[in-house]
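The values are calculated or read from the model by the stated rules, or taken from the named source; none is laboratory data. Source: prediction; values computed, not measured. Every residue, glycine as well, gets a Cβ built from its backbone with ideal geometry; the counts of neighbours run over all protein chains shown.
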Amino acid sequence: WDDKNLKIWMDGELVDWKDAKIHVLSHVVHYGSAVFEGIRCYNNKKGSAVFRLNDHVKRLFNSAKIYKMPIPYTQEEIANAIKDTIKINNLKSCYVRPITYRGYGELGVSPLNCPVNTTIAVWEWGSYLGEEGMKNGVNVGVSSWRKPAPDTLPTLAKAAANYMNSQLAKIEATENGFDECIQLDYAGHIGEGSGENIFLVKDNTLYTPTLSSSVLDGITRASIMQISKDLGYDVIERPLPREDLYLADEVFFTGSAAEVTPIRSIDGRQVGIGSRGPVTEEIQSKFFEIVEGKTEDKYNWLNYI
Ligand code: PMP
């Protein structure tokens, strides 16, 4: 990491990268009590633009609400702090990681006597699953680790602790030689990747798991649903059986980090043509045209800094 000169926003102060530390007995270290966001800022010909900034900040506050973590700032203040952190670090395109966590206080399961701290870090980050994967697709496997059931860990909260479950699935995928995993929900329906939502294309219709399948309410997912509908595709959200993964014409991941990443094989079975399919390519190009400012931002998704 050659990011040592970057500044990190910590509870209103800009702190040097090397000094952005918390106490080892902070509640979050022991009990995973954090909620966070992953956001991309794109450098395009009109300037530097954060993708759906207000929607990400809103989701951060929603995640915090679920866990009763009062963030002592308004959403507008956090959105401005994100823009300021990008500006001060002179980054034109970057990944942004705001995180709100239970800090140093009482060490016991109850978080209520621990402060609620917020930090914002930014850094440069290329394609999450690789440039080659963006073009030709990635190889994935269905995990033996399922997503948590709805009344266990709430998946509409983007909470750090959820990613312990994701890590088990990701480790398994890596050890099995896959680029990424797909986790099923508690009932065995298709869920999502370790950091991505998933879409299937079958007979020119798009399918994506319903939010009841323990998936994150992805902001890229919502954007892709919108783009696809405007391109004339039907988009259906419903519980999906695992074997649809093998029978689909095309399958792709969406996420702030993963953007739109095609999938070329699942569990050793070729998906469609075994490379990026035509519908995926059309939707992927439309997405990049918008974020790269090559077409009108008719949805108002770009927040220029
Ligand atoms: N699911 C999970 C588990 C994730 O971590 C992410 C990344 N935030 C996504 C889906 C995609 O969500 P978004 O498009 O909002 O980044």
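Points to keep in mind about this one:
- Qualifying residue in segment 208-226 (condition: away from the ligand (no atom under 16 Å from the Cβ), modelled with pLDDT of 95 or more, surrounded by fewer than 20 Cβ atoms within 10 Å (Cβ to Cβ) and not polar (S, T, N, Q)): no
- Residue among Ser194, Ser223 that is assigned by TED's automatic domain parsing to the domain that holds Glu259, part of a loop (DSSP other than H, G, I, E, B) and more than 21 Å from Thr100 (Cβ to Cβ): Ser194
- Residue tally, condition under 29 Å from Cys41 (Cβ atoms) and touching a residue at least 60 places away in the same chain (Cβ under 8 Å), over segment 127-146: 10
- When segment 134-166 is limited to residues that are of a type in the set (S, T, N, Q) and away from the ligand (no atom under 11 Å from the Cβ), the one that is surrounded by the most Cβ atoms within 10 Å (Cβ to Cβ) turns out to be Ser143.
- Single residue of Phe199, Phe178 found to be assigned to a loop (DSSP other than H, G, I, E, B) and within 16 Å of Val271 (Cα to Cα): Phe178
- Note on segment 14-70: among residues that are surrounded by fewer than 17 Cβ atoms within 10 Å (Cβ to Cβ), of a type in the set (Lys, Arg) and touching a residue at least 60 places away in the same chain (Cβ under 8 Å), the one that is nearest to the ligand (Cβ to nearest atom) is Lys46.
- Residue in segment 253-276 that is β-branched (Val, Ile, Thr), away from the ligand (no atom under 15 Å from the Cβ), within 21 Å of Lys135 (Cβ to Cβ) and surrounded by 15 or more Cβ atoms within 10 Å (Cβ to Cβ) present: yes
- Flag if Tyr246 is in a loop (DSSP other than H, G, I, E, B), surrounded by 13 or more Cβ atoms within 10 Å (Cβ to Cβ) and over 21 Å from the mean Cα position of the chain (by Cα): no
- A Cβ distance below 7 Å, combined with a sequence gap of six or more or placement on separate chains, defines the contacts here; from segment 159-172, residues that are of a type in the set (Ser, Thr, Tyr) reach residues that are within 10 Å of the ligand (Cβ to nearest atom) and not in a helix (DSSP H, G or I) in the pairs Ser166/Ser194; Ser166/Gly195.
- Ile236 vs. criteria of a type outside the set (Ser, Thr, Tyr) and in contact (Cβ under 8 Å) with a residue 24 or more places away in the chain: yes
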